[in-house]
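The values are calculated or read from the model by the stated rules, or taken from the named source; none is laboratory data. Remember, it's a predicted structure, so these values are computed and weren't measured experimentally. Reconstructed Cβ throughout: ideal geometry from the backbone, glycine too, with neighbour counts over all protein chains shown.
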Amino acid sequence: MVQSIAAENPPLVLFSDMGAGYLDMFEEHLKESQIIVLDHHLPVKSEAPNIIHINPLLHGLDGARGISGAGVSYFLAKSVDEQNADLSPLGIVGALGDRQDKGEKKTLIGMNTIIEADAKRLGLLETHHDLIFYGYETRPLARACAYTTSPFIPGLSGREDKCLALLKEAGIELKNEGKWRALRDLTEEEKRTLFSALTKHMIYEGCDAEAVHDLVGTIYTLKGEEPWTPIRDGREYASLLNACARMGRPSIGLSISMGDRNEALKEAADTLNGYRRKIGEYLDWVRKADRIEERSHIYTLVVNDDIDERIIGVVSSILISTGILKKYKPIIASAKADGELIKISARATEDMAKQGLDLGDVMMKAAEPHEGRGGGHDIAAGAFLPEANQEEFLQRVNALVGEQLKT
Ligand SMILES: [Mn+2]
């Protein structure tokens, strides 16, 4: 990618949400360009003559939970022109997409709270605490449940018929005087009934208490967006952008971020539907095909061509966050990428990070001796390396994780 950029001789290149791990490469191949890196990932090195590197980690700030690539970009935009504060919802969407809602009741923390304050001051954002269902205000209940992908509810996300059955069994009226009811129409008692039905379902699916806890939290409503659209809800907006990128249609997501609310939004909604279905299918496949292997300190999931390398990270996140994996070990997944390369996605829990695990560091150290490159955050990281080196790499990861979690 760097070489193809260099071939165009651009005067200025901006890298957003990436680049901190590649400063040496930019310095070597993009000598003629001015470069701005807006990142929140672990830097390999921090400085080079032609590079402006803006990164919370260079200032002792938390990059994994306190601000996303979108947030760093937002602060640059705002410092260029105060008027750009109207872009604050994008900073919020980026933070939610990066699962930085790690504060109490799933609120944003760190520098993200500055972006949140900007958005609220401009009347572009409202927050409240409830069941985290997409389409809280407007969607028929079963659809809201099926469309919710963060948190992902195994067996329900992407499956409206299953959600309908669950609601009926719980005895919740779906209609009132012929009109579909939305979550906001439920009484507190009905919400409790629904919550306990969902809890039962998730435990049956093998999820743990923490995943159930994820069903309740702070909802971020983007007031500037039309009701009934997926981008009215901050988490679903993020899912939508994710879906566009991971289904190989990044330009649709880009159009929406830049303000297109017509054709692009319709296409994105279709893409998101396809994405939900695909994740559901992959998840079923992983569990049925019994492809998860347990080693002394990690779980591995080698999928070869069976899961798209752009979606393997999402599948890993769901596996670790729902508690489907029972032991206190991170998951390291591998899928085929372009050429002879494999893409590695590594995911851990917050608790493992507190115990000293840093997967970004593990990926960097384990990839380097095997002709690969890796990096990322403590709980979510990745690497690329030649397929032939996969087994040696996994063994090294296993050993490194063992060392980090021991201390
Ligand atoms: Mn990021």
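For segment 48-60, which positions are over 20 Å from the mean Cα position of the chain (by Cα) and within 16 Å of the ligand (Cβ to nearest atom)?
Passing the criteria: HIS53, ILE54, LEU58.
Pull up segment 374-384, narrow it to residues that are on the phi < 0 side of the Ramachandran plot and in contact with a strand residue (DSSP E or B) (Cβ under 6 Å, 6 or more places away or on another chain), then point me to the one that is nearest to the ligand (Cβ to nearest atom).
Out of the qualifying residues, it is ALA380.
What's the total number of residues in segment 63-103 that are more than 13 Å from the ligand (Cβ to nearest atom) and either in the same structural domain as ASP214 (by TED's automatic domain parsing) or within 18 Å of GLU126 (Cβ to Cβ) (or both)?
Final tally of qualifying residues: 9.
Taking segment 15-46 only, how many residues are away from the ligand (no atom under 15 Å from the Cβ) and either in contact (Cβ under 8 Å) with a residue 12 or more places away in the chain or closer than 18 Å to HIS59 by Cα (or both)? Give the steps one after another, and end with the answer.
Pass one, segment 15-46, residues away from the ligand (no atom under 15 Å from the Cβ): 23-36, 44-46.
From the residues that got through so far, the ones that are either in contact (Cβ under 8 Å) with a residue 12 or more places away in the chain or closer than 18 Å to HIS59 by Cα (or both) too are 23-27, 29-36, 44-46.
Summing the residues that are away from the ligand (no atom under 15 Å from the Cβ) and either in contact (Cβ under 8 Å) with a residue 12 or more places away in the chain or closer than 18 Å to HIS59 by Cα (or both) in segment 15-46 gives 16.
Spot the failing condition for LEU186; the list is (1) buried (at least 16 other Cβ atoms within 10 Å of the Cβ); (2) under 30 Å from THR349 (Cα atoms); (3) of a type outside the set (D, E, K, R), and only one is missed.
Against the list (1) buried (at least 16 other Cβ atoms within 10 Å of the Cβ); (2) under 30 Å from THR349 (Cα atoms); (3) of a type outside the set (D, E, K, R), LEU186 comes up short only on (2).
Considering only segment 145-166, I want to know if a residue exists there that is under 23 Å from LEU254 (Cα atoms) and in contact with a helix residue (DSSP H, G or I) (Cβ under 7 Å, 6 or more places away or on another chain).
Yes, segment 145-166 has at least one match.
Among (1) more than 19 Å from LEU96 (Cα to Cα); (2) at pLDDT below 90; (3) loosely packed, with under 14 Cβ neighbours inside 10 Å; (4) not aromatic (Phe, Trp, Tyr), there is one condition SER196 misses while meeting the rest; what is its number?
Answer for SER196: the failing condition is (2).
Could you list, in sequence order, the residues of segment 300-331 that are among the charged types (D, E, K, R) and crowded, with 21+ Cβ neighbours inside 10 Å?
GLU309, LYS329, listed by residue number.
In this structure, does THR107 turn out to be within 30 Å of LEU167 (Cα to Cα), more than 16 Å from the ligand (Cβ to nearest atom) and either surrounded by fewer than 23 Cβ atoms within 10 Å (Cβ to Cβ) or under 16 Å from the mean Cα position of the chain (by Cα) (or both)?
When the stated conditions are applied, THR107 passes them.
If PRO154 passes every condition in (1) under 29 Å from the mean Cα position of the chain (by Cα); (2) part of a loop (DSSP other than H, G, I, E, B); (3) farther than 22 Å from LEU272 by Cβ but one, which one does it miss?
Of the numbered conditions (1) under 29 Å from the mean Cα position of the chain (by Cα); (2) part of a loop (DSSP other than H, G, I, E, B); (3) farther than 22 Å from LEU272 by Cβ, the odd one out for PRO154 is (3).
Could you say which residue among LEU319, LEU283 is assigned to a helix (DSSP H, G or I), under 21 Å from the mean Cα position of the chain (by Cα) and in contact (Cβ under 8 Å) with a residue 40 or more places away in the chain?
After ruling out the rest, the residue left standing is LEU283.
Would a scan of segment 338-351 turn up a residue that is outside any strand (DSSP E or B), under 26 Å from ARG159 (Cβ atoms), at pLDDT 90 or above and among the aliphatic types (A, V, I, L, M)?
no
Condition first: touching a residue at least 40 places away in the same chain (Cβ under 8 Å) and in contact with an Asp or Glu (Cβ under 8 Å, 6 or more places away or on another chain). Now tell me which residues in segment 329-348 satisfy that.
Passing the criteria: LYS329, LYS336, ALA337, GLU340, LEU341, ILE342, LYS343.
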